[in-house]
Amino acid sequence: MRKQIAAANWKMNLTLQQAEQLTHELLASKRNLGANQLVVFGVPFPYLLPIKNTLQGNGNMYVAAQNCSDKKSGAYTGETSAEMLKSIGLKYVIIGHSERREYFNEDNATLAVKVDLALANDLQPIFCCGEPLSVREAETQNSYVEKQLNESLFHLSADQARYFVVAYEPIWAIGTGRTASSDQAQEMHAHIRSVFASKYGEDVANTISILYGGSVKAANAKEIFGQPDVDGGLVGGASLVADEFASIINSLK
Ligand code: 13P
């Protein structure tokens, strides 16, 4: 069975003390995870090591960086390379979040470079895609998302593609309280999987976990995660509340 993943994206929130407290509360309230279930915390850079240490000894729980540089190394003040993330023992990095695309001008070509650097450093990308409201209203979301995948991922080999986690995050559902319906999520996830299948074959497509993101909360997680092509979620606001996120974890298939 594909990995089912509850991924938190803390974005630029919490002090270290608040982050530690949230993690401890969550560890106290979570149930044991099944062998195919993972929890990944996308935390700000300064908290990667402390939260990684707090999670130590809890099976199937990992930290992820929220971004990495598109440069290998060198005079790029303020940047963090994939190699640095590898060197602190990370396994995951979020790449291509819509906030990075929108506020930091990351385009599909730049993201392709980041994906390459992540894979070269044994990091598994959690690659985000998803359409803005105008595209959804024009009903061209399938080709929009397909283009994002095509231009950032499809230069890779089938063996590399096996390592992808994809997060479908419709921009109109992020932080708005307006969730995609479970039917809309399933429809897009099935489309994404079919696009992978035509590029890499069914076998590879069926190993790729596709997460849904956009106003996931305890109250809707079970229904969304219950869809056949939805393999968990990438959660913003609700991941900052221990009870909410614990319940979301418990909603994994
Ligand atoms: P919200 O869950 O706050 O809508 O954010 C979703 C998101 O952007 C996760 O990466």
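The values are calculated or read from the model by the stated rules, or taken from the named source; none is laboratory data. Note that the structure is a prediction, hence the values are computed from the model and not measured. Positions of Cβ are generated from backbone atoms using ideal geometry, with glycine treated the same way; all protein chains shown enter the neighbour counts. Keep in mind that these areas ignore ligands, DNA and RNA; they rest on the heavy atoms of the full protein, side chains included. Shrake-Rupley method; radii C 1.70, N 1.55, O 1.52, S 1.80 Å.
Assorted remarks:
- Simple Cβ-charge dipole of the chain, Lys/Arg +1 and Asp/Glu -1, about Cα centre, in debye nearest 20: 600 debye
- At 1.567 mPa s and 4 °C, Stokes diffusion of the chain via Kirkwood alpha-carbon radius, µm² per second: 72 µm²/s
- Restricting the stretch 126-192 to GluC sites (Glu not before Pro) that sit in a DSSP loop and have at most 13 other Cβ atoms within 10 Å of their own Cβ leaves E139.
- On a per residue basis, the chain carries 43 Å² of accessible surface, using protein heavy atoms and a 1.4 Å probe.
- Approximate shape of the stretch 158-253 as ellipsoid semi-axes (Cα gyration tensor, √5λ), whole Å, largest first: 24, 13, 11
- Full extension of the chain between D159 and Q18 gives 46.8 nm of extra length, using 0.36 nm per residue less the Cα-Cα distance.
- The P(r) of the stretch 86-134 has a tail past 17 Å containing 36 percent of all C-alpha pairs.
- Counting protein heavy atoms only, the chain has 50 percent of its accessible area on carbon and sulfur, 1.4 angstrom probe.
- D_trans [Stokes-Einstein, Kirkwood Rh over alpha-carbon pairs] for the stretch 23-78, 25 °C, 0.890 mPa s, µm² s⁻¹: 187 µm²/s
- The chain, helix-only ellipticity at 222 nm - DSSP H runs n ≥ 4, -39,500 (n - 2.57), divided by all residues, nearest 500: -12000 deg cm²/dmol
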